[in-house]
1. Could you say whether any residue in region 376-393 is outside any helix (DSSP H, G or I), modelled with pLDDT under 95 and open to solvent by 20 Å² or more (accessible area, probe 1.4 Å)?
2. Among the residues of region 159-189, which ones are open to solvent by 20 Å² or more (accessible area, probe 1.4 Å), closer than 16 Å to residue 282 by Cα and assigned to a loop (DSSP other than H, G, I, E, B)?
3. If I filter region 98-113 down to residues being in contact (Cβ under 8 Å) with a residue 40 or more places away in the chain and small (Gly, Ala, Ser), which single residue comes out as least open to solvent (accessible area, probe 1.4 Å)?
4. Across region 441-477, what is the total count of residues that are open to solvent by less than 10 Å² (accessible area, probe 1.4 Å) and on the phi > 0 side of the Ramachandran plot?
5. Quickly run through region 197-216 and pick out the residues that are of a type in the set (Gly, Ala, Ser) and either in contact (Cβ under 8 Å) with a residue 40 or more places away in the chain or open to solvent by less than 30 Å² (accessible area, probe 1.4 Å) (or both).
6. Which condition number in (1) open to solvent by 70 Å² or more (accessible area, probe 1.4 Å); (2) touching a residue at least 40 places away in the same chain (Cβ under 8 Å) is the one that residue 480 fails?
7. So which helices (runs of 4 or more DSSP H) stay within region 483-548 end to end and still have 3 or more residues that are crowded, with 17+ Cβ neighbours inside 10 Å?
8. Is there a residue in region 191-208 that is part of a helix (DSSP H, G or I), touching a Lys or Arg at 6+ places or on another chain (Cβ under 6 Å) and of a type in the set (A, V, I, L, M, F, W, C)?
Amino acid sequence: MAADSNPALAQAQALVDALQARPTDWHLPGMGTVASPAERLETHISWLLLAGERVLKFKKPLNLGFLDFTTLAQRREACEAELRLNRRTAPALYLGLVAVLGTPEAPRLVMAEDLPAETANTAHPPQTAEAGATGVLEWAVLLRRFAPDALLAEQAARGTLTPAHIDALAAQVAALHAQAEPLTPAHAEAPWGTAAAMHAAVADNFATLAPFVQGTAHAAPCEALRAWSEAQGQRLAGLMDQRRAQGWVREGHGDLHLGNLVLLDGQPRLFDAIEFNAAFRWTDTVFDMAFLVMDLQVRGQSALAARFLDAYLAHTGDYAGLALLPYALAYRAMVRAKVAALQAMQQPPEAQAPLRAELARYLDYAMGLLQPRPPVLWLATGVSGSGKSSQSQGLIEAQGIVRTKADVERKRLFGLDPLSRSAAQTPVQGGIYTPEATARTYERLEDLARTVLQAGCAVLVDATCLQRSQRARFQALAEAVGVPFRLLAFEAPVEVLRARIVQRAAQGQDPSEADLAVLDAQRAQREPLAPGEQAQALAVDTTAPVDWAQVLPAGWR
């Protein structure tokens, strides 16, 4: 909406203009060296002023349907919510609430905690210059400034987004979801996370896009995606409501793409969570994390997307949520398409081309979801130290496979963290490596593999599977589900096996607790592949790093 057709927007913009012109008068803590005028960035809902080491973020007085910032009280509430939500993941970035005092022509800034109580509670802007001496003109969030190239979107564009960044993000997103407030009886009347709420959110994307794409080449794919999303929403409605009842709807981030992730002090951090609409952040955790998977894939980082999903699932164990993933990925892509359209509508026609190209990129991605790759069951077998986990990493990233690990799932069965040492925890009757515990572990792996396959995803089961009966159960599962079975037999010389086990025990960063005695027992008890198994197995020598593009048979790629 143009400022000349919205008096409140024009007044707010004039105030931001005045503050931009005189950043040396801000007098906020930690400003550092300040140049005039301040730099300005603008989104479809915010203005940001950048000066020295600080950033002021203002809410535009708009009502866009999915948000309403039309009153000063609403904008203050949104600023406070932004601080609360983002201090969960980036406390060093979100510094506090700022009040704008004085007059529109001569504004001054005060930290909210330094305001007198009667001023802090001002709900409406003053109508006169005299009232402006003590009243609040506007509210803003104060942030620590960071370099533009610290955004993970920029890191991805430059090719400097690393596996270590992705692993750290997976741990952070999983931790946020584990610690986020779940739905309680107090939220009983809220529709957040219901199938009906998701249906409405999905439909809103297409309703917003419809007038913008009408008469263009984008109209047909939008309609195809709308029809597909409608059918998927109906098919998955029962699962969505079931997961809500199980506690998977939580107060997450809501806008988890690479533009809202930043490197601070060398570590990736989540910031800019959705504060303006509770329904957008109170959602199934799959819909929250799917945003990042989608964004990585759209940016040509499919390997890192697969790595993130693999690590996230290892942390959360939420393999059942994969049934929602294609629907969630399409929804998130259309959210970004809608944002591109909204931004374009605020620009003159001659400036819309880049945003229309961005919209097309998300539409193309979402259309690709309508024709997924057929699932496959991969089984990685071998003694401890043979490279099943380390060397299968490249395979899952290259082919977008979901992996389940025996070492992780065994500990999850007993309520243990993957990296904890079972002997150091509260004793489990008989320990977690008894024959009974092993049988339970393989049952869980079979159940998880079935769940992943039925969700339409390829799965790799990472387990020693030293007995023919253990391997046979997964081949039988593949036959029962009707998917191809791929047996990978990982091998390495004994001296390499022993060295790896000693090294990983010293590092303490692997879920496996196998020591040299366990390795010796495994080698003695291992049942070689039967002739029928050998005929369909691929022997994988891990003495050197595996080049899967070279190793895999043509029909397996």
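The values are calculated or read from the model by the stated rules, or taken from the named source; none is laboratory data. Values in this document were obtained by computation on a predicted structure and should not be read as measured data. Quick reminder, even Gly has a Cβ in these numbers, built from the backbone with ideal geometry, and neighbours come from all protein chains shown. Quick note on the areas: whole protein, heavy atoms, side chains included, nothing else; ligands and nucleic acids left out. Shrake-Rupley method; radii C 1.70, N 1.55, O 1.52, S 1.80 Å.
1. no
2. 181, 183, 184, 188, 189
3. First, the residues of region 98-113 that are in contact (Cβ under 8 Å) with a residue 40 or more places away in the chain: 98-100, 104-109, 111.
Subset that is small (Gly, Ala, Ser): 99, 106.
Numbers: 99: 0, 106: 56 Å².
So the residue we want is 99.
4. 1
5. The initial filter retains those residues of region 197-216 that are of a type in the set (Gly, Ala, Ser), namely 197, 200-201, 203, 207, 210, 215.
Matches in region 197-216: 197, 201.
6. (2)
7. On the way: elements: 494-507, 516-525, 531-536.
It comes to 494-507, 516-525.
8. Restricting attention to region 191-208, the residues satisfying the condition of being part of a helix (DSSP H, G or I) are 195-208.
Adding the requirement that they be touching a Lys or Arg at 6+ places or on another chain (Cβ under 6 Å) leaves 205-206, 208.
Filter again for of a type in the set (A, V, I, L, M, F, W, C), leaving 206.
Within region 191-208, one or more residues are part of a helix (DSSP H, G or I), touching a Lys or Arg at 6+ places or on another chain (Cβ under 6 Å) and of a type in the set (A, V, I, L, M, F, W, C).
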